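Each reported figure results from applying straightforward, stated rules to the coordinates on display, with no laboratory input. Just so we're clear, the structure is a prediction, and the values are computed from it rather than from any experiment.
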Amino acid sequence: MSGGSVERVRAALAAAGHADTISAFPDGTRSAAEAAAAVGCDVAQIAKSIVFRAAARPAEGDARSRESASMMPERPVLVVASGANRVDMAKVAAALMFHVKRADGAWVREVTGFAIGGVAPLAHLTPPAVVLDEDLFRFDRIWAAAGSPMHVFETTPANLLRLSGGLRADVREAG
């Protein structure tokens, strides 16, 4: 599956006019620390992808009942965070106006087409709502998963924002 996933990312990069900067690391890039060691950068420069499940929150004054709101379909939310940060789910929910909860690996694979450890910030099977960690914008270069736990691609925070169609937000957990 990873070969097809990597090629899907490669095609999405090409379609967006981004250079093919995908590199393979046979020893793996599953975690931010592994990716940073493989690439030779600071762990904070790794753009790690974390998928959550979300349902739209009814707006204030909305006549829908709690029951109908709870039946709204879940959608993927992708948070692209600095590898040095833990994500504050309440900050993500506030930025998107969605309730968010953790997603299990099987659901992540089903909706994104990627296995955990290789979730790219683009080329998802189901387009997610995307939030980029404000802390990534401190760097000139960052690296993100490219569809497998052994592939990453190099980009800039501004390009990643453009590629993902996401929004910038402070999502770092305090402390």
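Quick one: P(r) of the stretch 2-169 from all Cα-Cα pairs, 5 Å bins, percents rounded to integers, in order of increasing distance.
Result, from short to long distances: 2, 10, 19, 21, 21, 13, 7, 4, 3, 1, 0 percent.
For the stretch 167-175, in order, what is each residue's ³J(HN,Hα) by Karplus, 6.51 cos²θ - 1.76 cosθ + 1.60 with θ = phi - 60°, in whole Hz (x at glycine and Pro)?
10, 7, 7, 7, 10, 6, 6, 5, x
Taking amide H positions as placed 1.01 Å from N in the peptide plane, with prolines and chain starts having none, which residues 5 or more places from HIS99, or on another chain, fall under 5 Å of its amide H?
Under 5 Å from the amide H of HIS99: ALA55, ARG57.
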